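Data first, discussion second: the structure below is written as structure tokens.
The values are calculated or read from the model by the stated rules, or taken from the named source; none is laboratory data. Quick caveat: nothing in here was measured; it's all calculated off a predicted structure. Glycine also receives a Cβ, built like all others from the backbone with ideal geometry; neighbour counts cover every protein chain displayed.
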Amino acid sequence: MLLRCIVGLRAWPIVCGGDPVLGDEKLGPDGQTLVWVPGGSFMMGCDEFYGTEQPVHRVTLDGFWLGKCEITNAQYATFLNVVQPGSIAPWLDLGGGACQIERIGGVYQPIAVWAQYPVVAVSWEGARVYCEHYGYSLPTEAQWEYAARGPAATVYPWGDTWDESKCCNQKNQGPGGASFPVGSFATGASWCGALDMAGNVEEWCADWYDEIYYRISPPLNPPGMVSGSWRVLRGGWWNDEANFCRAACRDHFPPASSYYWAFGFRVSRSRS
């Protein structure tokens, strides 16, 4: 059964019992809208581009909730004000030129008009602690790709044909030549209703990165490697071309990287 919960001037469908189905949404504890990704199977990877995306292999996943959009500067600033860490340096490059959050009078707040833009200059650890605080987790690499491609394993979230108007990318950049506010491209939604899964900012995943992981990945709910030197990033960013906005494209960076203006994240949660 679905009820409507009024948030500002918008009404979101909220799951209120029964099994969630494709198209269901609910609000998370941070006010984030979550979309339901039904369990199922898909062919993960791509044989046409890079060896790190090979071999294409069947993966089966349990259903899960996923953030409809990337976490915003406003949401991350609220989190910082609640937890009041002694130092946020391991989480966010607050003093760097890329960060769109500032601290004034002991209060964290988005800079100027950037409240609804995706938080950037956040490290993997900064993403993890946000998720942990609200009872979320970062999506695994397999969950992320499945949410972006669906059972049909489309090339892009919206289908198999590149359309630069359906995401933020090198030829369709936001104000100032960077990202757009989250959720700006409704026509670029994936099969489960997730937005901005191509372009805008790259998104941290839970997994340690390994270029040959697909050769040994288990077929059911693959968790990634148990250790490593890099963490996985997915989705491409605002200065990427079509190839790097493909849903199968993999990227990786050291988890402490918080200086970069194109690293953000979205949240996931189990069925509970």
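Remarks
- So Leu66, is it outside any loop (DSSP other than H, G, I, E, B), touching a residue at least 40 places away in the same chain (Cβ under 8 Å) and in contact with a Ser or Thr (Cβ under 7 Å, 6 or more places away or on another chain): yes
- With respect to the conditions (1) modelled with pLDDT of 95 or more; (2) assigned to a loop (DSSP other than H, G, I, E, B); (3) of a type outside the set (Lys, Arg); (4) closer than 25 Å to Trp230 by Cβ, Ala89 falls short on a single one, namely (1).
- Restricting Ala242, Ala198, Ala248 to those that are more than 16 Å from the chain's Cα centre (by Cα), under 17 Å from Cys46 (Cα atoms) and small (Gly, Ala, Ser) reduces the list to Ala242.
- Hey, Glu211 closer than 15 Å to Glu241 by Cα, surrounded by fewer than 19 Cβ atoms within 10 Å (Cβ to Cβ), touching a helix residue (DSSP H, G or I) at 6+ places or on another chain (Cβ under 9 Å) and not β-branched (Val, Ile, Thr) or not: no
- Residue pairs meeting the criteria (Cβ under 6 Å; at least 6 apart or on separate chains; first under 18 Å from Asp160 (Cβ atoms) and outside any strand (DSSP E or B), in the range 184-208; second modelled with pLDDT of 95 or more and among the β-branched types (Val, Ile, Thr)): Cys192/Val35; Cys192/Val37; Ala194/Val35
- Every residue from the range 215-236 that is in contact (Cβ under 8 Å) with a residue 40 or more places away in the chain and buried (at least 16 other Cβ atoms within 10 Å of the Cβ): Ser217, Pro222, Gly224, Arg231, Val232, Arg234, Gly235, Gly236
- Pro139 vs. criteria within 25 Å of Phe253 (Cα to Cα) and out of contact with any strand residue (DSSP E or B) (no Cβ under 6 Å at 6 or more places or on another chain): no
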